[in-house]
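Q: Quick one: this structure, given as structure tokens, is what I'll be asking you about.
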Amino acid sequence: MITAVQVDDEASAREFLRARLGEVAPEVTVLGEANNIDDAARLIAEKKPQLVFLDVEMPGGNGFELLKRLGRWDFDVIFTTGYSKYAIQAIRFSALDYLLKPVQTDELRAAIDRHKERREAMTVDVQQHFLSNIAQPSETQFKLTITHGDRTHAIAPADIAWCQADDNYTALHLIDDRRFISARTLKDYDEMLTPLGFLRVHRSSLVNRKHVDGIDGEGRVRLRNGTRLEVSRRRLEEVTRELRG
């Protein structure tokens, strides 16, 4: 059994999520609900849930403010939110989970499965990296949370030279020659990093334009550290135009 509480100012949204949980995740028991962060703090202290479904935007204080108030927490969080680019980027950069409203049953089931996999992985470092990200005035200053071995690192996108697909994992190659393996797909990083100046040059490669020196005579991207990466034929014209633009 997984114990949970819901925090959402919309009664209809709480009822909808509770019904979907009953359909696809019967192992989740909702111990209580709150419609504001003051009541939520009291409910969490009383019930001590393993999982909190937390709305981002609420009158009187958003879900991020609740976590800032707590400082550290001993439960997992799945954010529920309408489309908010800043909020979603902060959540994804911090390696936390979210569901877009209206919550879809298949996405809810997948989120519960991810919760089971990471139940022991919500370290204080992950929490502090998240709080640091949401304190930033712009998403351009977010840092990626990467757990590598038994350590958690906060990595600035500007320090990443390129990303390489490795099945369902991604290798992040930093400008100081360090390499981290992330349990996320290159597609995830493409979506997160493209707005920050990264460019997909191949189905298996994503480069940081700041660290590109040019394209060589064989149609490969040349990085400033000497690395040369293949550019796919169908992307070559676009990549060349983007890098020269």
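Read-outs throughout are calculated quantities, based only on the coordinates presented, and are distinct from any laboratory measurement. All of these numbers come straight from a predicted model, not from anything done at the bench. Positions of Cβ are generated from backbone atoms using ideal geometry, with glycine treated the same way; all protein chains shown enter the neighbour counts.
Q: At most 16 other Cβ atoms within 10 Å and a DSSP loop assignment: could you name the chymotrypsin sites (Phe, Trp or Tyr not before Pro) in the range 1-86 that fit?
A: The qualifying sites are Trp73, Tyr83.
Q: Let me ask something else about it. Over the range 2-134, consider all pairs of different Cα atoms and compute the Kirkwood hydrodynamic radius from their mean reciprocal separation; express it in Å, one decimal.
A: 14.6 Å
Q: Which loop GluC sites (Glu not before Pro) in the range 67-147, with loop taken from DSSP, have no more than 16 other Cβ atoms within 10 angstrom of their Cβ?
A: Taking the range 67-147 and a limit of 16 other Cβ atoms within 10 Å, the loop GluC sites (Glu not before Pro) found are Glu120.
Q: Here's something else I'd like to know. Tell me the angle of helix 233-244 to the major Cα principal axis of the chain, expressed in degrees between 0 and 90 and rounded to the nearest ten.
A: 90 degrees
Q: Taking 0.36 nm per intervening residue step and subtracting the Cα-Cα distance, what contour gain separates Thr194 from Thr3 on full extension?
A: Extra length from Thr194 to Thr3 when fully extended: 65.0 nm.
Q: Continuing with this model, one more query. Between Trp73 and Glu107, what length comes free when the chain is fully extended (0.36 nm per residue of separation minus the Cα-Cα distance, one decimal in nm)?
A: Value of the extension gain: 9.8 nm.
Q: Also: Just to be sure I follow the definition: excluding the sites themselves, where is the longest run in the chain that has none of the trypsin sites (Lys or Arg not before Pro) in a DSSP loop with at most 13 other Cβ atoms within 10 Å?
A: With trypsin sites (Lys or Arg not before Pro) excluded where exposed in loops, the chain gives 1-71 as its longest stretch.
Q: If neighbour count is taken as other Cβ atoms inside 10 Å, put Val221, Val239 in order from fewest to most.
A: Ranked by crowding around the Cβ, least crowded first: Val239, Val221.
Q: How are the C-alpha pair distances of the range 124-185 spread across 5 Å bins, as whole percents from the shortest bin up?
A: Result, from short to long distances: 4, 18, 25, 25, 19, 9, 1 percent.
Q: Just subtract the alpha-carbon distance of Ala11 and Ile181 from 0.36 nm times their residue separation and send over the number in nm, one decimal.
A: Value of the extension gain: 57.1 nm.
Q: Here's another thing I want to ask about it. Which entries of Lys85/Lys187; Lys48/Lys143; Lys68/Lys187; Lys143/Lys187; Lys47/Lys101; Lys47/Lys68 show an alpha-carbon separation above 27 angstrom in the structure shown?
A: Lys48/Lys143; Lys68/Lys187
Q: Now a separate question. Please report Glu191, Glu33 as a ranked list, fewest other C-beta atoms within 10 angstrom at the top and most at the bottom.
A: Lowest count first: Glu191, Glu33.
Q: Based only on other Cβ atoms within 10 Å, what is the fewest-to-most ordering of Thr170, Thr147?
A: Fewest to most other Cβ atoms nearby, the residues stand as Thr147, Thr170.
Q: A follow-up question, please. Using the crude model of +1 on Lys and Arg Cβ and -1 on Asp and Glu Cβ, and no other charge, please compute the dipole size for the chain relative to its Cα centre, in debye to 20.
A: About 840 debye.
Q: Could I ask something else about it? Enumerate the calculated ³J(HN,Hα) couplings along the range 98-108 in order (Karplus 6.51 cos²θ - 1.76 cosθ + 1.60, θ = phi - 60°), each rounded to whole Hz, writing x wherever the residue is Gly or Pro.
A: Karplus values, whole Hz, x for Gly and Pro: 8, 10, 7, 7, x, 5, 8, 4, 5, 6, 5.
Q: In whole Å, largest first, what are the principal axis extents of the Cα atoms in the range 60-160?
A: 37, 32, 28
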